[in-house]
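S.K.: Please see the structure below; I have some questions.
Since every read-out is calculated from the coordinates, none of them should be taken as a lab result. A quick note: this is a predicted structure, and the numbers were derived from the prediction, not measured. All Cβ positions, even for glycine, are placed from backbone atoms using ideal geometry, and neighbour counts span all protein chains on display.
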Amino acid sequence: MKRTLLLILVLVMITLAAGCGPQVTGTQPTTTPAQKGASSDDTAPADAAPEPITFTMYNVETDAYPDTDFSSPVAQEIKKATGVTLEIENAVSSDAGKQKLSLMAASGDYPDFVYGKGDLSILKNVNAIIKLDDLIEQYGPNIKKFYGEIDIKRLRWSLDDPSIYYVGGKEVGQENMEPNAGFQLQLGAVKALGYPRLRTLQDFENAIRTFYEQNPTLYGQKSIPLSLLADDWRFMITVSNPANFATGNSDDGEWYIDIETLDAVRHLTRDEVKEYFRWLNGMHDKGLLDPESFVQKYDQYKAKIASGRVIALADARWEIDEAVTALKKDEKYEAVYGYFPITIDESVKFADFQSAGYLGGWGMAITTNCKDVVRAIKFIDWMCTEEAQILTHWGVKDLHYTIENGKRVLKPEVKEMRNSDPAWQQKTGIKKYCYPFPTYGNAVKDSTGQYFEAFDTLEEIAARQLPIENEVLSHYGVNTWKELYPQADEFPVKPYGAAWLVNIEDPEWKAADDRILKTGYRMIPAIVMGDPSEFDAKWAEYQQALKDAGLDMVTEQFNKVLKERTKLWQ
Amino acid sequence: MQPVNKIAQRNQKYIFSKKNIKRLNQQKYLLLMSLPFVIWVIIFKYIPLWGWTMAFQQYIPGKGFFQQEWVGLKYFIIMFQDNYFYLVLRNTLAMSILSLIFGFTLPIVLAILLNEITKQTFKRMVQTISYLPHFVSWVIVASLFNKMLSIDDGVVNNILMALRIVEQPVQFMAKPNFFWGIVTFADVWKEIGWNSIIFLAAIAGISPELYESAMVDGAGRFKKIWHITLPGILPTVMVILIMSIGNLINIGFEKQFLMRNSLVRDYSDVLDLYILDYGISAGRWAFGTAAGMFKSLVSIILVFTANGISRKVAGIGIITK
Amino acid sequence: MKRMSAADIIFHTFNYLLMIILMIATLYPFLNVLAISLNNSIDTVKGGITIFPREFTFLNYAEIFKTKALLTSVIISVLRTIIGTFTGIISTAMVAFVISRHDFIARKAVTILYIITMYVSGGLIPEYMLIRNLRLTNNFLVYILPGLISAFNVIVIRSFIDGLPFELQESAKLDGANDLTIFFRIIFPLCTPAIATISLFIAVGQWNSWFDTYLYCSSNKKLTTLQFELQKILLSAQSSGQQDIYGSSDLAQKRVSPESLRMAMTVVATMPIVIVYPFVQKYFIKGLTLGAVKT
């Protein structure tokens, strides 16, 4: 036994030595950006044919249809113009992206570019990403023009370190062209009820009840009055968010922020929100809530919607999109949904269209391992040019669009492909190199007065509306769903961007935040499905549980970071 | 075998005694055969254990070992003071034990029943088909179970209603006290065929002569199962049982994660998910490592205890026979 | 063939019935997956598909076979499965043989050394650093080396070897065979059922694993595996909505792959390994005959 232990010990020593060896040699001397850039600067003057270079990039967004080998027509055009080939690696899942960044930080194996969303700080903490201020000053005239003086302030890192470390990945100049959130009612129901006023939760409830009583079955199956979905994180989308919207807040995730004082509280602690859940509790009590709301999985929920028998929803557009496509395919147009800006009472405005200004906070960074920092920044600078923006939004001229009377017109087959082929971006390259690269949003026009946005312009959206949608809308005296909602100019621009883009690095904060969120997942369903007489007691119990989970610490830290950010951005 | 062991014991005292050197020489092939794998196991399984130091650090990836902030037992204390930890521990052990009772025994029963089937083609068909669900991911299985148990035209409720066993459809997935049972059932159903393979192999290793002589003695079917098949596979059954007991706390989380819903969370959350949520996902490497060490400790205690009991009771162990 | 007694008849009827129920219950999910994979993807959203497609189409499969990385990933998957199983089973059996030998000096130490590995792990970062320092990242060997031996398999094979009469080895030794020869000539062939089973386990594990590709080879398109490509599609479908909470403006750019496509991918990725089993089964029978020869 002793001997074997001795043997093992010797082996451990040998292998430890072997294991550590490469680690020492593995750390490469880091050259400063200036040194690296110098050589390429001489060999690649701006107007000569650019020398080919390959940049690697890690993107924490997943991509089921990656543009492998940078081979799409748009990618090839980018290569022609800049000499750059991108080797992009996408995260496998949203958790995996963060893991990968941690491994990069631990090992020092960074790619040339990184898009890390809120987790870029993992690399920043080990000084793995480089300051861009001077580089932009020297090589980035288009970058400066692209973001403008106001937006570029929103790219700064923090009050302690107010330099720029990334170029923003969110669209510059983005406006919602159609409502993303709201309360949905089947168009057939709206029509049958004689286009009732749908403004408050009470109106909504009356409409649902009346139509439900009149139609116990729809398309041959039992009809469902209002269905919700609480399948894991989707809880936030159809249970938590609607409460925040109905009480007048725009999308700030789980937070409610007073726009005057910038004081933030968890919206689920507010009295107004409590009233929203009292209403839901009543809906359940009256038999107007699908009893499977908190049990069903996403596929069951989609199947119900796609069968055309769910009268009303409280969901986000993207979550029901797939099911609605199936409805349209079956020509069940009456079961398609209208979007209504419903709130708890008339005094509250539905703030879906409130502008957050430029959404800084997330962007693409260049790492200290980058082969050629100057080429890299010049590449980003080129991506900010009008030429590049038209290419990434519209595709290749003559291949994807033609010019008629000086205007770009998409070829019909490209439009068709976008609607039917999930891999259309992979095949064409269109929109593949917009987000998270610098990209213009749908409200920006080029030098000829045309929108950069090719697909979701207001005209295109209006043209896609179903006849029944037009009919319903005309009875409300408007042409689009957007017009039903309070418009952006009725609200002040949020000086902090969006609350869900506020990154807090402290792991203890993240753990407590998660605990608070999941306390809601656990307790709210029981509150809604409970007896109305117990509602207040159960709600109080929930509030206590939130406090126990660390609500005060989470709120305090969040407020501190939010206020710092607002100051930084001014 | 006995005498060899005794010699070995005697020789332990003198490492470089003549006898020992002679023995080393005799066993040079055994040493040669094991050496690469000892080196392998140390490199790939033991060297990474330096990571356990993270449990005592405010670990930030990429910072040097000595630049990390040391926090001592902070994360162990956080974990043991968390009420939620005990809840997930309860759920983990409950589902593990259920899975040990059913998920372990039923494949043995299946293997024995399969062995009794004389038609080879039929036997192979059952084997191949029952092993299929192993390859269907939990996402799909969870979705199937949810649909079957739904009150909205679910097959189980339809049958219960038709047979007048219940008057109103039962919302199975909404009942917290059903959850452990449903998960165990789904697990058994998914893995029964796959888990029976190893026992089928063990049965195949039993010498047919034993059956033939039992036949001559006029033993019936059940006698043969009891006196030949079961003892024949007992060593395999016991070593797998011991190793599974060691894994009681390592439940994974995929099936619970995918089958649960908001109403049953108090019964569905398990340790491995808890560690992921409050460990790596939150960037708390220390917490994740501390919890991992706790699990390892529990596992090792369990496996050696089980091994000890098994050696006393059945004379079979995983370390020595 | 003897005449069957009444008890036998009852037993067999019961047994066959049970097996038929089991087959129906276990075949269903697979048929369901198959049916959905052959169904129009928009129609699938409506749910309610059981074992027959409602709107039959091969389009989902056509889509998969257009995937650029498919061919390389299949080759790598097959290679790692074959090489990994071959090296894995030899190594596993060798360790099992060595620790089955009661006379071996380091027996207990090696056994415990292996058993503990089942229950400890250094965690993600240390393991990654090790692989990186061994220069195994973006290297085919990373599919073979780190997972070469599993202690579970070692113990299972050892328990099988323990069941063989030791006299076989002793008599071979008297004939002048060394331990290496004994292992290859006697132990390995006599363990066929166990070897076949563990080989199957290793092969399935190799075929199904994707996490190592993701961790160590994800930036190398030449080393991508089929399961990794599948996971990319499956996981992006699961998590895409989650990202959309945080980026509603890029919704239009994020098309989730439809369920039917995912099911087709599941079928493509599991079929090859599923059909391996019938080939392994015959070794259970062969083992039996060999077992008869041995005494």
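S.K.: Determine the dipole magnitude for chain B: charges of +1 sit on the beta-carbon of Lys and Arg, -1 on that of Asp and Glu, nothing else is charged, the reference point is the Cα centre, and the result goes in debye to the nearest 20.
M.R.: Value, rounded to 20: 1760 debye.
S.K.: On to the next question. How many angstrom separate the Cα center of region A:315-388 from the Cα center of region A:488-566?
M.R.: 23
S.K.: Which of C:LEU223, C:LEU136, C:LEU27 moves the most in a Gaussian network model of chain C with Cα springs under 10 Å?
M.R.: Largest GNM mean-square fluctuation: C:LEU27.
S.K.: Inside 10 Å of the C-beta atoms of B:264-272, what's the mean count of C-beta atoms belonging to other chains?
M.R.: That average works out to 2.
S.K.: Can I ask one more? Under the rule of -39500 (n - 2.57) per DSSP H run of 4 or more residues, summed and divided by the residues of chain B, what mean residue ellipticity at 222 nm is obtained, to the nearest 500 deg cm²/dmol?
M.R.: -19500 deg cm²/dmol
S.K.: Quick check on the exposure proxy: order A:TRP481, A:TRP569 from fewest to most C-beta atoms within 10 angstrom.
M.R.: Result, fewest neighbours first: A:TRP569, A:TRP481.
S.K.: Provide A:TYR298, A:TYR276 in ascending order of the number of other Cβ atoms located within 10 Å of each residue's Cβ, fewest first.
M.R.: Sorted ascending by nearby Cβ count, the order is A:TYR298, A:TYR276.
S.K.: Moving to a separate point now. In whole angstrom, how far apart do the alpha carbon centroids of region A:74-91 and region A:94-152 sit?
M.R.: 18
S.K.: Among A:GLY188, A:VAL114, A:ALA537, whose Cα projects farthest towards the positive end of the dipole of chain A, with charges put on the beta-carbon of Lys, Arg (+1) and Asp, Glu (-1)?
M.R.: Result: A:VAL114.
S.K.: Could you calculate the FRET efficiency of B:GLU254 with C:ASN15 from 1/(1 + (r/R0)^6), where r is the beta carbon distance between them and R0 is 45 Å, rounded to 0.05?
M.R.: 0.85
S.K.: Nearest 0.05, what FRET efficiency do A:ALA192 and B:LEU100 give at R0 = 60 Å with Cβ-Cβ as r?
M.R.: Using R0 = 60 Å, I get an efficiency of 0.55.
S.K.: Looking at the square roots a ≥ b ≥ c of the eigenvalues of the Cα gyration tensor of region C:1-57, which shape do they give, rounded for a/c under 1.5, prolate if a/b is larger than b/c, or oblate?
M.R.: In terms of gyration-tensor shape, prolate.
S.K.: Quote the charge dipole size of the protein assembly as shown about the Cα centre in Debye, to the nearest 20; the model charges only the Cβ of Lys and Arg (+1) and of Asp and Glu (-1).
M.R.: With only Lys, Arg, Asp and Glu charged at Cβ, the dipole is about 6480 debye.
S.K.: Looking at A:PHE277, A:LEU226, A:ALA306, which one has the Cα that reaches farthest to the positive end of the dipole of region A:209-349 (charges on Cβ: Lys, Arg +1; Asp, Glu -1)?
M.R.: Among A:PHE277, A:LEU226, A:ALA306, the one farthest towards the positive end of the dipole of region A:209-349 is A:ALA306.
S.K.: I'd like the Karplus ³J(HN,Hα) series for region B:229-240: coefficients 6.51, -1.76, 1.60, θ = phi - 60°, whole numbers in Hz, and an x wherever there's a Gly or Pro.
M.R.: Couplings: 4, 4, x, x, 9, 3, x, 4, 4, 5, 5, 5 Hz.
S.K.: Counting pairs of alpha carbon atoms under 8 Å apart in space and at least six apart in sequence, what relative contact order in percent does chain A give?
M.R.: 22 percent.
S.K.: For every other residue with a beta carbon closer than 11 angstrom to the beta carbon of C:VAL120, add +1 if it is Lys or Arg and -1 if Asp or Glu, then tell me the sum.
M.R.: Value of the local net charge: +2.
S.K.: Can you list the residues, at least 5 places off or on another chain, whose amide H is less than 5 Å from the amide H of A:THR54, using H built in the peptide plane?
M.R.: A:THR85
S.K.: Have a look at B:LEU100, B:LEU110, B:LEU210 and tell me which one the Gaussian network model of chain B (Cα, springs below 10 Å) gives the largest fluctuation.
M.R.: With Cα springs under 10 Å in chain B, the top fluctuation among B:LEU100, B:LEU110, B:LEU210 is at B:LEU210.
S.K.: Same structure, new question: Pairs A:LYS332/B:LYS147; A:LYS432/C:LYS221; A:LYS79/A:LYS329; A:LYS153/A:LYS510; B:LYS223/C:LYS173; A:LYS274/A:LYS518: which exceed 29 Å Cα-Cα?
M.R.: Among A:LYS332/B:LYS147; A:LYS432/C:LYS221; A:LYS79/A:LYS329; A:LYS153/A:LYS510; B:LYS223/C:LYS173; A:LYS274/A:LYS518, the Cα-Cα distance tops 29 Å for A:LYS79/A:LYS329; B:LYS223/C:LYS173.
S.K.: Work out which helices of chain A, taken as complete DSSP H runs, extend at least 24 Å along their axis over the Cα atoms and score a mean Kyte-Doolittle of -0.5 or more, then list them.
M.R.: Length and hydropathy pass: A:2-26, A:507-529.
S.K.: Further question on the same structure: Could you work out how far the C-alpha centroid of region B:188-253 sits from that of region B:271-321, in angstrom?
M.R.: Region B:188-253 and region B:271-321 have Cα centres spaced 26 Å from each other.
S.K.: Continuing with this model, one more query. GNM on chain C, C-alpha springs below 10 Å: top fluctuator among C:PHE56, C:PHE86, C:PHE201?
M.R.: C:PHE56
S.K.: Moving on to the next point. With contacts defined as alpha carbon pairs under 8 Å and 6 or more residues apart, what's the relative contact order of region C:62-294 in percent?
M.R.: RCO, region C:62-294: 32 percent.
S.K.: Going by amide H atoms built from the backbone, whose H comes under 5 Å of the H on A:GLY363, apart from near neighbours?
M.R.: Those lying under 5 Å, H to H, from A:GLY363 are A:GLY116, A:LYS117, A:GLY169.
S.K.: Apply 1/(1 + (r/R0)^6) to the Cβ-Cβ distance of A:SER347 and A:LYS415, taking R0 = 45 Å, and write down the FRET efficiency to the nearest 0.05.
M.R.: 0.60
S.K.: Next question, about the same structure. I need the shape label for region C:57-201. Rule: rounded when a/c is under 1.5, else prolate if a/b > b/c, else oblate, with a, b, c from the alpha carbon gyration tensor.
M.R.: Prolate, because a/c is 1.5 or more and a/b exceeds b/c.
S.K.: Also, I was wondering about something else. If contacts are Cα pairs under 8 angstrom and at least 6 residues apart, what is the relative contact order of region C:28-126 in percent?
M.R.: About 16 percent, as a whole number.
S.K.: Okay, next question. What is the extension gain from A:THR217 to A:GLU404, computed as 0.36 nm multiplied by their sequence separation minus the C-alpha to C-alpha distance, in nm to one decimal?
M.R.: Fully extending the segment from A:THR217 to A:GLU404 adds 62.3 nm.
S.K.: Using a 7 Å offset from the Cα along the Cα-to-Cβ direction at both B:GLU212 and B:THR118, what is the distance between the two label points in nm, to one decimal?
M.R.: About 1.8 nm separates the two model spin labels.
S.K.: Which value, in debye to the nearest 20, describes the size of the charge dipole of region A:255-402 about its Cα centre when Lys and Arg Cβ atoms bear +1, Asp and Glu Cβ atoms bear -1, and nothing else is charged?
M.R.: It works out to roughly 480 debye.
S.K.: By the scheme Lys and Arg +1, Asp and Glu -1, what is the net charge of all other residues having a beta-carbon under 15 Å from that of B:GLY51?
M.R.: Every neighbour counted, the sum reads +4.
S.K.: Further, regarding this structure: What is region B:76-313 by shape, rounded, prolate or oblate, if you read a ≥ b ≥ c off the alpha carbon gyration tensor as root eigenvalues and call it rounded for a/c under 1.5, prolate for a/b larger than b/c, and oblate otherwise?
M.R.: Oblate is the answer for region B:76-313, as a/c is 1.5 or above yet b/c matches or exceeds a/b.
S.K.: Output the pairs from A:LYS124/A:LYS302; A:LYS560/B:LYS74; A:LYS297/A:LYS560; A:LYS144/B:LYS63 with a Cα-Cα distance over 31 Å in this structure; if there are none, say none.
M.R.: The answer is A:LYS124/A:LYS302; A:LYS297/A:LYS560; A:LYS144/B:LYS63.
S.K.: With 10 angstrom as the radius, rank A:VAL478, B:VAL303 by how many other C-beta atoms surround their C-beta, starting from the fewest.
M.R.: Going from least to most buried by this count: A:VAL478, B:VAL303.
S.K.: Something else about it: Add +1 for every Lys or Arg and -1 for every Asp or Glu among the other residues with Cβ under 15 Å from the Cβ of B:GLU69, and state the total.
M.R.: Here the charged neighbours net out to 0.
S.K.: Still on this model: Antiparallel versus total DSSP beta bridges in the protein assembly as shown: what percent is that, nearest 5?
M.R.: If I count the DSSP bridges inside the protein assembly as shown, around 60 percent turn out antiparallel.
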